[in-house]
1. Does A:T246 satisfy the criteria of being more than 9 Å from chain B (Cβ to nearest Cβ), surrounded by fewer than 21 Cβ atoms within 10 Å (Cβ to Cβ), at pLDDT 95 or above and on the phi < 0 side of the Ramachandran plot?
2. Please state which one of B:E229, B:E202 is within 16 Å of ligand 1 (Cβ to nearest atom), buried (at least 17 other Cβ atoms within 10 Å of the Cβ) and assigned to a helix (DSSP H, G or I).
3. Is one or more of the residues making up the range A:76-90 open to solvent by 10 Å² or more (accessible area, probe 1.4 Å) and not in a loop (DSSP other than H, G, I, E, B)?
4. Can you pull out every residue in the range B:113-138 that is among the charged types (D, E, K, R), more than 14 Å from chain A (Cβ to nearest Cβ) and either assigned to a helix (DSSP H, G or I) or within 16 Å of ligand 1 (Cβ to nearest atom) (or both)?
5. For the structure I just gave you, tell me whether A:T88 is closer than 17 Å to A:T139 by Cβ and not hydrophobic (A, V, I, L, M, F, W, C).
6. Conditions first: (1) buried (at least 22 other Cβ atoms within 10 Å of the Cβ); (2) assigned to a strand (DSSP E or B). B:G85 passes all but one, so which condition is the exception?
7. Going by the structure shown, is A:S135 away from chain B (no Cβ under 14 Å), of a type in the set (S, T, Y) and touching a strand residue (DSSP E or B) at 6+ places or on another chain (Cβ under 7 Å)?
8. I'd like to know if the range B:385-403 contains one or more residues that are small (G, A, S), at the interface with another protein chain (Cβ under 7 Å from one of its Cβ atoms), surrounded by 23 or more Cβ atoms within 10 Å (Cβ to Cβ) and in a helix (DSSP H, G or I).
Amino acid sequence: MSTEAPTRATRAPLREALRLPRRLAGWDAAVVVLTVLTLVVASGTVEEFGTTRNATFLILDLAPVLLLALPMTLIVVSGEIDLSVASTVGLTSALMGELWANGLPLETIIPLAVLAGAVLGAFNGLLVTVLGLPSLAVTIGTLALYRGLAYVLLGDTAVADFAREYTRWTIGSLGDSWVPNVVPPILLLVTVFALVLHATPVGRSLFAMGANDTAAAFAGIPVERTKFWLYVVAGAVAGLVGAYWTLRYSTARADNAEGLELTVVAAVLLGGVSIYGGRGTLLGVVAGVVLLTSLQNALRLAKVSADALTVVTGTLLILSVLLPNVTAALRARLARRAAPAAPPPREPAHPAPAPRGPAPEPTRRDGTP
Amino acid sequence: MAASRPTPEGHPARGEHGYETPRDAPPPPVVALRDVWKSYGAVAALRGAHIELHAGEAHALVGENGAGKSTLIKVLAGVRKPDRGVLELDGVRTEFKGPQDARAAGVAVIHQEPALFPDLSVAENVFAGRQPRGRFGRIDERAMRERAHALLARLGVPLDPRRPARGLSIADQQIVEIAKAVSLETRALVMDEPTAALSGPEVDRLFSVVNALRAESTAVLFVSHRFAEVTALCQRVTVLRDGAHVSTGPLAETSVDRLVAQMVGREPDALFVRRREQRPPGDVVLEVEGLSRAGAFRDVGFHVRAGEIVALAGLVGAGRSEVARAVFGVDRRDAGRVTVAGRTLPGGRPRAAMAAGLALVPEDRRQQGLVLAASVQRNATLPRARQLSRFGFLVGGAERRAAREWAGRLRTRYGDLDDPVGTLSGGNQQKVVLAKWLATAPRVLIVDEPTRGIDIGTKAEVHRLLARLAADGVAILLISSELPEVLGMADRVLVMREGRLVADLPREAADEESVIRAATGQEAPA
Ligand SMILES: Nc1ncnc2c1ncn2[C@@H]1O[C@H](COP(=O)(O)OP(=O)(O)OP(=O)(O)O)[C@@H](O)[C@H]1O
Ligand SMILES: [Mg+2]
């Protein structure tokens, strides 16, 4: 029996040598380059931007977005979404305030906040997996529900005066440097999530179920159970962010982190994760987070109004969904025309909407609309 | 719209081969492709292919997996634009700018992979885009249903036109695509492996429909890896190898051996494997008792011993695949027990089944078998990601080696292990699905249409592989709609009809007649 596969294609030698996934050369790389460019240009043009003081603030601002983006990436890759994360932050923050006002110590409160987040996430997970409801609808519902509960707990009041040593540490820096204390734990979490997504069988199964959950189930992947745990993790991380947010501003309020889900989803999509599932890298998402938050930071320093900032976030969100699809369509059209001498570009960075369910959609038959 | 199509003034009635009109020069072919070239990136799929379709003639197109048959058909369908080459309609050079041009020119195409609207009903799928209209331009639901019903009845498949396409078996999806194509006003009917999932009786019905169309002087192009079908339906045959034209001629003047030799470019190995040495089978490894699932099958019980190949035969829709899925646990079961080597499997948990040593090669490769957007390598190693990881982390090299080894053993043709598996030809995708499961080294292997779309040479290879696995003590349940495959491979043949197990035939008692009789329910075999 022959052991070599007959191949006719010539291989891209560089990629073969480096074993680079093809998509690294695509959207992710573009975002990384864009991020670096933004940082350089902003340092050169916006006066305050390049200072170490601003760097510290930038990182403190960026932390909650980055933390929430980690589980969000896994969820979107698996073909779902969680819009309730920011409300979970708000609710756990309100809960912290309530518990602190009742005299519990922070050593107890912080684990409780994480646990509460996990429970809220589990509720999302149950609705999505056991009842089989669409995650978009479920988490829009809990987005409102959790925020509402936060107001039930605290109303319009705020709880302040959290223990000094905690709030100081949260905004403090390592030794005499400008690097905030929270950087090492965040880097650790980023590493853990990156490894899980890209180097473990679990991560592999997330990509598989995001691209075709039927085939994933036929390969023995427990699709529902995995998704359930993803929501639990997302909730727990949101609980952690709730604690961080409360301590950083030393206030527990019901409207903490309101609207942050928009920034998180925008950063994830900007980072090259396909909204249809099955595609994306954590590196791209980190770049997306840095790009989005530093852009917001620079604009704020340049005295651009908060409303305008929201406009920027929204525009980036639309662009990051639109651009990959437009380029894919353009490439497909070019590929149809291209002369045989110039081989058309392979695989687009983002796919066109992938069909779900047992029967494929007719548009997929030819791949060229 | 292809405005350039000339409308011929009626087609003169022609005889069997289309050339018998006295004195006139032979009429030009209805559709012809000449010297067509097409590359996908670095892969050259077509390198100078020719084909001519004549009115009233059925033309077979044969070639190995990846030879370029589907690509040729996509060019005919206007779905792919060739890099080079000429398309002629009734002898006049023209160009298809898209599928609508082909349709307007009267070319109806059944593609290799069915592509239905999952949320539309069967009837709506059949008449998608050209629904019968009632008053005020409204869609006449009733007329549509009735016409769909009549079409399906003509094809001999009891399919409810009102049910949604979602969840149809691959064979039923294929039937819907066939109904769609034959209901069109066609001058040329082009079929890419329409029969790959059908069993004998459905194939016979399809052929009688096609022959009726041919008598009305429709030109037919037929792709199949089943040579018995090719000889039954066609008058002319074209062989394609590596995208290039090898030969065209009357089928009567050639032989299967000669065709296969032309396909592979060398003398082929023995083409059909009939298992010989029968060692006494070992212990019962797979035991199924009283298995039921509402609406699919009832009270199914059987066992498979180590080293035994048991075939599960039946008509399309008899419930064979459904049983396989419930045994494996991807579908829930309502009642019954499944034991693997003495271990009772929990229902609805494929992972537990896999841990017990069960593997299922599903029937529908594109939906159930593969993640099309993922690479060949990732697909080939998906069920084994855990075993191939070390300390919980995936090891790229080990995955690559494993994928390459199995792809090679099944002679899979691909450009690069990192290519999305969706860019492989149909038969090569099937090989990846087989590789994916054979590599798990199962104790019980359930294969559902394992050779669907696989070319004749590799099919023999797959049969040899299955026989060797059985000899090594693997218990195999083979679901196949291809009777020669069933009879050639199986130690025992189980037959299902309408969701029930109706016969358990030992090898000696199983022949074409007894199996078909049990499957169709014409008086039980003695
Ligand atoms: N979309 C695509 N992108 C890249 N390569 C492709 C694509 N479609 C087909 N190919 C390649 O073109 C070649 C011919 O494929 P094609 O589907 O025409 O084969 P086929 O003769 O129909 O085979 P089969 O009998 O397996 O159906 C194969 O090598 C295949 O890998
Ligand atoms: Mg094909």
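1. Values: more than 9 Å from chain B (Cβ to nearest Cβ): yes; surrounded by fewer than 21 Cβ atoms within 10 Å (Cβ to Cβ): no; at pLDDT 95 or above: yes; on the phi < 0 side of the Ramachandran plot: yes.
No, not satisfied.
2. Numbers: B:E202 fails: within 16 Å of ligand 1 (Cβ to nearest atom).
Every option except B:E229 fails the conditions.
3. Step one: of the range A:76-90, the residues open to solvent by 10 Å² or more (accessible area, probe 1.4 Å) are A:79-81, A:83.
With the extra rule that they be not in a loop (DSSP other than H, G, I, E, B), the set shrinks to none.
No, the range A:76-90 contains no residue that is open to solvent by 10 Å² or more (accessible area, probe 1.4 Å) and not in a loop (DSSP other than H, G, I, E, B).
4. Within the range B:113-138, just B:R135 meets the criteria.
5. Numbers: closer than 17 Å to A:T139 by Cβ: yes; not hydrophobic (A, V, I, L, M, F, W, C): yes.
Taking the combined requirement at face value, the residue satisfies it.
6. Looking at each condition in turn, B:G85 falls short on (1).
7. Working: away from chain B (no Cβ under 14 Å): yes; of a type in the set (S, T, Y): yes; touching a strand residue (DSSP E or B) at 6+ places or on another chain (Cβ under 7 Å): no.
Criteria not met by A:S135.
8. So the first thing to find is which residues in the range B:385-403 are small (G, A, S), and the list is B:385, B:389, B:392, B:396-398, B:402-403.
Still in the list and also at the interface with another protein chain (Cβ under 7 Å from one of its Cβ atoms): B:385, B:389, B:392, B:396.
In the following step, the residues that additionally are surrounded by 23 or more Cβ atoms within 10 Å (Cβ to Cβ) were identified as none.
Looking through the range B:385-403, none of the residues is small (G, A, S), at the interface with another protein chain (Cβ under 7 Å from one of its Cβ atoms), surrounded by 23 or more Cβ atoms within 10 Å (Cβ to Cβ) and in a helix (DSSP H, G or I).
The values are calculated or read from the model by the stated rules, or taken from the named source; none is laboratory data. It should be emphasised that the depicted structure is a prediction, and the values quoted were computed from it without experimental measurement. Note that each Cβ is placed from the backbone with ideal geometry, even for glycine, and that neighbours are counted across all protein chains shown. Ligands, DNA and RNA are stripped out before the accessible areas are found, and what is left, the full protein with its side chains, is counted by its heavy atoms. Shrake-Rupley method; radii C 1.70, N 1.55, O 1.52, S 1.80 Å.
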